[in-house]
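Asker: First the structure, which I've put down as structure tokens, then a few questions once you've had a look.
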Amino acid sequence: MTRLISYEKKDTWIDRLSGFTKLVFFLLWCLTSALTFDTRMLLTMIAISFSIFAMSHTDWRQVSSVFKAVLFFMCVNLFFIFVFAPYQGCEIYGSRTELAHLFGDVYITREQLFYEFNVMIKYFTIVPAVFVFLVTTDPSELAASINKVGVPYTFAYSFAIALRYIPDVQDDFSRIRNAQEARGIEMSAKAKLISRIKNIASIIFPLLFSTMDRIDVVSNAMELRGFGKKKRRTWYSYRKLKRNDYIVLVLTVLFMAAALIITYADGSRFYNPWTNS
Amino acid sequence: MEPIIEFRNFTFKYKSQKEPTLYDINLKIYPGEKVLIAGPSGSGKSTLAHCVNALIPCSFPGKTQGELIVKGMTPKEEGVFGMSKTVGTVLQDTNGQFIGLTVAEDLAFALENDAIPQDEMKKRVMEAAKVTDMTAFMHHSPSDLSGGQKQRVSMGGVLVDDVEILLFDEPLANLDPATGKSTIALIDDIMKQKNVTVLIIEHRLEDVLYKDVDRIIVVGEGRIVSDTTPDELLASDILIREGIREPLYVTALKHTGAKIRPEDHPQHIETMDVSKYVSGVREWFESTRSEHPVLTTPPALEVKDLKFSYTEGEPVLQGVSFTIRKGEMLSLVGRNGAGKSTLSSLICGFIKPDAGEILLNGEDISPLSIKERGERIGLVMQSPGQMISKPMIREEVGLGLAVRGVPEDEINKRVDETLKICGLYPFRNWPVGALSFGQKKRVTIASILVMQPEIMILDEPTAGQDYRHYTEVMEFLKKLNEDMGLTIMMITHDMHLMLEYTDRALVLTDGTLIADAAPSEILTDESIADRAYLKKTSLYDLAVKCGIEPPSEFADHFISYERKLRENESRETEASGAQTGGITTGEADS
Amino acid sequence: MDKKFGIREVVAMGIGTALFVVLTMVQIPLGFVPNTALQPRMAILAFLAGVFGPIVGAVIGLLGHALGDALFYGSVWWSWVFPEAVVGVCIGLFVKKYAIKEGGFVSATPIIFFNVVQIVANAIAWIVVAPVLDILVYAEPANKVFAQGFFAFLGNIIIIGILGTILGIAYSKVAGKSSDLQKED
């Protein structure tokens, strides 16, 4: 199984921030990136994103394979945008400047290139932030942070349970897959679609069954230890906010506000380099 | 003194069942007592325990009659939360009970739920970690811990509250013998430190009796069969009647024809007064012989200098070599993490060795795929739930043939034959869910057997089973081995299994084979037993105490004698025509 | 069974999410559309929503997709995360009708009903919600995102229709207690 990106204990200023701060940053950052299509803002965000990545001392090897996968996925997506709508950019920016003729009536336009460039950098605003978030946030802190953001603790705790049991389920999965493969049920066989699905069913079925049993055991264990007894709950690994946390939180909110004001100042979320207004 | 737990004419019936599981229970347990509740699976012993912590009837609904009072409270009314402040429960599945992402968080879980402020919480967590000796592991995740360590965390997790009753549900089920021993010692320690009342539900009597127990309550078919001191109980024949295994030295003494007297304190072999039995034991020893059948069949599986590591520099197997002969039935033992499952994964081809070779019938199997090896080497996993992938028994057993494109009438023929061998033929059209645990186990064995493998590897074939089911599964495997000549290797840490059913054991420790000998030799050699996380058999202690020379041979005589007894027994049942075209069928769960 | 939202549901959300995430890497590629393959994890989502109800379904869809994206692809494609929750909610709304846990999911009526619901749910999620979000957030061309959405819809109804139904029936057969079993000779 592919190695997942996972938390690594280090001691940069980013690591020392509370999980709450990082979660708020992560969510607002994703939201800002989703809302703006302003090239200047996107480029600024990329610059910030990559410098945070550098400051976090994240081991490049840990994320490189995932990064390559993202690149590949992005290229495919950009290609298909062009195939489906070669003039999407022209519609957005309201002009058409042909740069090269491909075939038939298909031209490469300046506007299309610029639009696809924007789509591309939009990915890059997020990717380093996700990496940093995953690598520097102690999973133990996450559930507490989600709870502090305002999500009821029962839901927040389900997140902790998910993180707790991913390795266990992964182990179960490979053990079951091996045993079934020895019986002759292969997942990757070059068989017909229906029989491939049936083979996968033979592997998933025992996995699902042991999962259902596990749900029973874990919920009894949690009940015996008083989960859900009170309206609120405290968290062993919650870190109190310190000065740096407040600074980052304030800066994040200010940046988001600024980004949105600048983006929507001219009434459109796109930045158009070709208008004179 | 007022009892801390009192059952008065207590009856309980699960909602989904027709008959009550507990009938008219009358039982008093006093503060500071340590009580063992023993009984076979399905006897109601766990049900009894879960009435005390209110899981019954709050999570497993049903109807109660009579009274149950725990520390002046009625569990049914207090609910699970209400009882959790008084009764701490350590479940059998310690991995399931480990809920936090790290040791510290798991210890804190109950306190978090109580909304205890962080400072106080950290203090109490540290205390619990000290009591259970886990302070060095606070930031470890469960996947970095052994079964024994997880269990310590479970105990710590209930000790953060000042509970007055500690309830252990089969605490030894998933542990190797040495770890089980330290668990029992830890329970004893905690009891003395915290002054709590302890209830242990367990059928592995000898292991629990490693430390003193005040009383043993034997439950059978929903009723209390016996409520007495260990000494009295061991002197009686109640355990045998109820299908619970006696300590081996007690069985051995009974074989010599002796009548065990409670006043000799048979609770521990170390402190038992054996003076009255010495002559009998010696006489019996002289009059029995041990037999070691020597196999001269050609090798079935040869492993030569096998090396493997997951990450460089951390070898899991460092040059393991051994030969298994055709028709042999042997055990592979060693503690968790010693490399047992890595070895079986290498044999089955799930992972590739770094060096060394594996020969099957003299042929190098390295070019064979997992699927091709699967036709010749059958692997039966520990829990049937991890293998069963079809809802109906016939489909499940025939699955391996169906995916290999065997024609349908051939499949039907072979499935029927296999089901008959496995005693499952009468159930052939049942859904798997209607079978008992032991029957499910046999379904998984059948689904491998149907492919007619040359060798079968079973991972912990008897884990979590009581004496009766243990005997049932092992007798079945023995029959396969004897009647069909099937070569069987069992991965286990069940000392009884290796002693009673195999003539040879491979002992793996830290990736090296430290012994390849008869189980009776291994279990009487303290240094090997210790390194393999096994423990010396009490038969050895008995032999030493009775002055038998050499003491290690006593275990051998005992095993040979027992096997002969069992053979005679099964011959009798066969002669009486009780069989229905297979091996004992057992009954289904309702 | 408890009618209120209890601990079992919380645990089902957590462990269900773990299962969903682990199965992220199990895919049967269709090959001709980007980001579109038959995803067995969808069948797990449908099954768990069908057993534990809409809230559990929503959380597994949301959390599972976001976490799976983040852990395996290093980015979270939010416009495809929310539709996943929509599928979970819609299928979960009719828990009682399927009676999977009670052993009722073996006759034609609940099976057909389950499949009608899942087809509608997937249509809402992938032909409406996902493309609209894609257009709003990423300003992607409408014809592209609707085409993608349509293939996702197709893939999901196939995998849920086959695998989800198989799992439901199998679980129902095993979990449901049958009292009229007879030993045969």
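Asker: Find out how many positive minus negative residues lie around residue B:565, taking Lys and Arg as positive, Asp and Glu as negative, among other residues whose Cβ is under 13 Å from that of residue B:565.
Answerer: Result for the local shell: -1.
Asker: If you don't mind, there's one more thing I want to ask. If R₀ is 60 angstrom, what is the calculated FRET efficiency for the pair residue B:560 and residue C:108, using the beta carbon separation as r and rounding to 0.05? Mind dumping the intermediate values first?
Answerer: Working: r = 61 Å, r/R0 = 1.02.
According to the calculation, E is roughly 0.45.
Asker: Does chain A classify as rounded, prolate or oblate by the C-alpha gyration tensor (a ≥ b ≥ c root eigenvalues; a/c under 1.5 gives rounded; else a/b over b/c gives prolate, otherwise oblate)?
Answerer: Note, shape of chain A comes out oblate.
Asker: For chain B, what class follows from the C-alpha gyration tensor (a ≥ b ≥ c being the square roots of its eigenvalues): rounded when a/c is under 1.5, otherwise prolate if a/b is larger than b/c, else oblate?
Answerer: Rounded, since a/c falls under 1.5.
Asker: If we count other beta carbons within 10 Å of each Cβ, what is the order of A:187, B:451, fewest first?
Answerer: The most exposed by this proxy come first: A:187, B:451.
Asker: Among all the aspartates and glutamates, which ones have a C-alpha under 14 Å from residue A:198's C-alpha, if same-chain residues fewer than 8 places away are not counted?
Answerer: Once the sequence-local aspartates and glutamates are set aside, what remains near residue A:198 is A:181, A:186, B:395, B:396.
Asker: Taking every pair of distinct Cα atoms and averaging 1/r, then inverting, what Kirkwood hydrodynamic radius in Å comes out for region A:139-236?
Answerer: Result for region A:139-236, one decimal place: 15.9 Å.
Asker: Post the alpha-carbon centroid distance, region A:122-137 to region C:74-122, in whole angstrom.
Answerer: Their Cα centres are 32 Å away from one another.
Asker: HN-Hα J couplings of region B:311-325 from phi, Karplus 6.51/-1.76/1.60, θ = phi - 60°, integer Hz, Gly and Pro as x?
Answerer: Karplus-based 3J(HN,Hα) across region B:311-325 equals 10, 4, x, 10, x, 8, 10, 10, x, 9, 9, 6, 10, 10, 8 Hz.
Asker: Still on this structure, please answer the following. Using only helices, what value at 222 nm comes out for chain A when you add -39,500 (n - 2.57) per DSSP H run of length 4 or more and divide by the total residues, to the nearest 500 deg cm²/dmol?
Answerer: Helix-only estimate at 222 nm: -23500 deg cm²/dmol.
Asker: Quick one: what are the phi-derived ³J(HN,Hα) couplings along region C:154-165, Karplus 6.51/-1.76/1.60 with θ = phi - 60°, whole Hz, x for glycine and proline?
Answerer: Result, ordered by residue: 4, x, 5, 5, 5, 5, 5, x, 8, 5, x, 5 Hz.
Asker: Another question, if that's okay. For the protein assembly as shown, what value does the Rg/Rh ratio take when both radii are computed over Cα atoms and Rh is the Kirkwood radius, given to two decimals? Don't jump to the answer; show the numbers that get you there.
Answerer: Working: Rg = 31.6 Å, Rh = 31.6 Å.
A ratio of 1.00.
Asker: Continuing with this model, one more query. Would you mind counting up the charge near residue A:96? Only other residues with Cβ under 10 Å from its Cβ, with Lys and Arg at +1 and Asp and Glu at -1.
Answerer: Here the charged neighbours net out to -2.
Asker: Give me the angle, in degrees from 0 to 90, between the Cα long axis of helix B:393-402 and the longest principal axis of the Cα atoms of chain B, rounded to the nearest 10.
Answerer: Computed tilt is about 40 degrees.
Asker: By count of other Cβ within 10 Å, fewest leading, how are C:78, C:126, A:60 ordered?
Answerer: A:60, C:78, C:126
Asker: Right, next: Quick check on my link table: of A:230/C:101; B:85/B:130; B:85/B:123, which ones sit more than 23 Å apart, alpha carbon to alpha carbon? Walk me through the numbers before you get to the answer.
Answerer: On the way: A:230/C:101 30 Å; B:85/B:130 21 Å; B:85/B:123 18 Å.
Distance filter (> 23 Å) returns A:230/C:101.
Asker: While we're on this one: Fewest to most neighbouring Cβ within 10 Å: what's the order for A:30, B:51?
Answerer: So the ranking, lowest neighbour count to highest, is A:30, B:51.
Asker: When 1/r is averaged over all different Cα pairs and the result inverted, which Kirkwood radius in Å belongs to region C:7-178?
Answerer: Computed over region C:7-178, the radius equals 15.9 Å.
Asker: List the aspartates and glutamates whose Cα sits under 15 Å from the Cα of residue A:9, skipping any in the same chain fewer than 8 residues away.
Answerer: Once the sequence-local aspartates and glutamates are set aside, what remains near residue A:9 is A:59, A:138, A:141.
Asker: May I pose another question? Given the pairs B:304/B:371; B:352/B:479; B:304/B:413; A:22/C:144; B:326/B:564; B:71/B:211, which are separated by over 31 angstrom at their Cα positions?
Answerer: B:352/B:479; B:304/B:413; A:22/C:144
Asker: Could I ask something else about it? For chain B, what proportion of DSSP beta bridges, expressed in % and rounded to the nearest 5, is antiparallel?
Answerer: 55 percent
None of the figures in this text is laboratory data; all of them are computed from the coordinates on show. The structure displayed is predicted, hence computed values, not measured ones. Note that we place each Cβ from the backbone using ideal geometry, even for glycine, and neighbour counts take in every protein chain shown.
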